[in-house]
């Protein structure tokens, strides 16, 4: 009897959850209208260094987009300070991947230190920084948020998918650090704002 | 007790073995995860969705195997707990879920193994729903292993389907990377399609497997039950046959009283008789009575013992057994003159025919009177005895079973006909039965005629046997 009641309650909760969730997500997406569609004028200059912050595979997507836009770039997911020579713009593709870091034999703390060192060097040399985040809400976690905070703080432009900002985290960072933010509906929509940063 | 201990030890061994396998498995597959990441990168670089499908397959297989190992080790542990405690199914189920989640979480934390709480818990619920009503027998854990692998593999494919992201499926590193890449290279619909293409057949296969295992368990249970019933039936039949033998002995003892009364009577006459000439007559009669008793005892004791019998003797003996107290019963006996002698065990054959007659008497009838006709006729090469009644008859469907021991369509023991058949066939006779519903039944018995040479030989053998018995 107890089991039957439990099963009934679980069943009802599942049905309610299934009905409620898609509706709720759509509502949240429709509220995201405060980001800019693209930059009014370019902020970055080639040559561009594309590097990762968190070692997710998303970095490869940005590299592919840059190549398709014919933006001269170097692709170094684990770039260090010496790699910045001759670089005018650095694009940080943020997204924490535990397996990605393990594959490259680095721990999160080490990755964080690498980013900190890069950012310090970029700040000193007045290099343009752009933060790109493609992971949506699913890749959002404490480590990703830490990396986002670090890079957004020093960035001149933030590009992300709209689902990443369900909790307004990116909007808040944008407001907090006074950085323009573009939220795109899906990953393919990143090309236009990304191009606007250079042309 | 020792057997129970050994079964328990076996389960402990399995549980420990599976737990070790669960903990060691992530170490062996670490490089495969790296291969998956490399394949995702290649998918981006080449714009090839094939790499994503391979990545999805690898990811689903690894995750399904790990989840199955953890689930089976948890189930083994629960089985041990179940044997030692009298906990309710609900408590055991909650305990199973708790162990499963804790071990999964532990493995994910220690080995950085991507795990999907929603996926594995949904899979677990599905497995429990499937197998909860299946009996726990010797094949139960094989069934669990097969079903769990199918279910976990099926549900892992939901992780790479973008349409299931909103239901919190596929939130770990690899599925997210696959879905993001799939979205970028315009392969999201393909991922949804591939995901369903694997999910549906495997989930369906799991259901079918469960049903097959359940049917198998039910069939085994039915076979065991039937075997048990068959043994009980055999035991019952042997007891009934034993009772039948006692009944036959009683009847024989009753029959033996007749010559004994004769002997006693003649003996009294001998004592009182003063006429010497009559002593010889009385002695001959006593000898005749003793001979009759000897014949009866031999017939009963030795089944192979046969005598040359005049069918009229059989008829008289049968006539003596006919009940006279039933007003609604009429029995007619018709027989030819010069009936051929037959070589049979008289006592046994008479008992067999009386059994057939008793069946005819107790057979239900719809007429005003029960009429039984016994005909003894000379036929080619032998003698035919037919017993015909006007009862309700036997349905055609029941005809094939009437010779089975214990089978009865009415209130009889179901032993009469098989007993009669056995006796008649032992005496080189044949028995046949014909019946028509609501018209009646005819039982026909045939005994071969004795030829002259056979007759003499039979008499000689009969005498030799009698001497040996004496």
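Every number here is computed from the coordinates shown, using simple stated rules; none is lab data. Being a predicted model, the structure only gives us computed values, none of them experimental. For neighbour counting, all protein chains shown are included, and Cβ atoms are generated from backbone atoms with ideal geometry for every residue, glycine included.
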- Over all Cα pairs of segment B:112-229, how is the pair count split among 5 Å bins, expressed in % and running from 0 up to the last occupied bin? 2, 12, 18, 18, 14, 11, 9, 6, 4, 3, 2, 1, 0, 0
- Crossing angle, helix A:58-68 versus chain A [Cα axis fit, 0-90 degrees, rounded to tens]: 50 degrees
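Return the average number of partner chain Cβ atoms within 10 angstrom of each residue Cβ along peptide B:35-45. Show your work: numbers first, answer last.
Values: counts 1, 3, 10, 2, 1, 5, 6, 1, 2, 9, 4.
The mean count of partner-chain Cβ atoms within 10 Å per residue comes to 4.
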- Query: According to the Kirkwood expression over distinct Cα-Cα pairs, how big is the hydrodynamic radius of segment A:32-82, in Å?
  - Reply: 12.7 Å
- Query: Ranked by Cβ crowding within 10 angstrom, fewest neighbours first, how are A:139, B:264, B:366 ordered?
  - Reply: B:366, B:264, A:139
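At a Förster radius of 60 Å, what calculated FRET efficiency corresponds to the Cβ-Cβ distance of residue A:69 and residue B:434, to the nearest 0.05?
Details: r = 101 Å, r/R0 = 1.68.
Using R0 = 60 Å, I get an efficiency of 0.05.
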- Inter-part distance where segment B:215-285 and segment A:73-127 are each reduced to a Cα centre, Å: 108 Å
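Using only alpha carbons, build the gyration tensor for chain B and give me the equivalent ellipsoid semi-axes, biggest first, whole Å.
88, 25, 19
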- May I ask you to work out the translational diffusion coefficient for the protein assembly as shown at 20 °C, viscosity 1.002 mPa s, via Stokes-Einstein with Rh from the Kirkwood sum over Cα pairs, reported in whole µm²/s? 63 µm²/s
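Which ordering of B:388, A:152 is given by a fewest-first count of other beta-carbon atoms within 10 Å?
Numbers: B:388 18, A:152 25.
Fewest to most other Cβ atoms nearby, the residues stand as B:388, A:152.
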- Note on the structure: Normalised per residue, the volume inside the convex hull of the alpha-carbon atoms of segment B:12-103 in Å³ amounts to 92 Å³
- Task: Provide, for q = 0.13, 0.21 Å⁻¹, the log10 of I(q)/I(0) from a solvent-free Debye sum over equal Cα point scatterers in segment B:275-389.
- Result: -0.64, -1.16
- Where does helix A:108-125 land angle-wise versus the long Cα axis of chain A, in degrees 0 to 90, nearest 10? 40 degrees
- Set the Förster distance to 60 Å, then compute FRET efficiency between residue A:145 and residue B:212 from the Cβ-Cβ distance, nearest 0.05. 0.75
- When the scattering of segment B:245-301 is computed by the Debye formula from its Cα atoms alone, each counted once and equally, what is log10 I(q)/I(0) at q = 0.23, 0.24, 0.26, 0.27 Å⁻¹? -0.84, -0.88, -0.97, -1.01
- Cα Rg, Dmax (largest Cα-Cα span) when computed across segment B:194-299, Å: 36.3, 121
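Given an 8 Å cut-off on Cα distances and at least 6 residues of separation, report the relative contact order of chain B as a percent. It would help to have the intermediate numbers written out before the result.
Numbers: 561 pairs, mean separation 46.9, N = 470.
Once normalised by length, the contact order is 10 percent.
Exposure proxy check: A:72, B:254 ranked by fewest other beta carbons within 10 Å?
Values: A:72 12, B:254 9.
Ordered from fewest to most neighbouring Cβ atoms within 10 Å, A:72, B:254 come out as B:254, A:72.
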- Task: Calculate, axis by axis, the spread of Cα positions in segment A:48-196 along the three principal axes, and write the results as whole Å, longest axis first.
- Result: 36, 32, 28
- On a C-alpha basis, how far is the centre of segment B:104-132 from the centre of segment B:302-346 in Å? Whole number, if you could? 84 Å
- Query: Taking a label point 7 Å from the Cα of residue B:97 along the Cα→Cβ vector, which residues of segment B:145-184 have an amide N closer than 15 Å to it?
  - Reply: none
- Between residue B:88 and residue B:279, what length in nm is gained on full extension when 0.36 nm per residue of separation is reduced by their alpha carbon distance? 59.5 nm
- Task: Could you work out how far apart the two model spin labels at residue B:220 and residue A:167 are, taking each label as a point 7 Å from the Cα in the direction of the beta carbon, and quote it in nm?
- Result: 5.1 nm
- Label points 7 Å out from Cα along the Cβ direction at residue A:191 and residue B:196: separation in nm? 2.8 nm
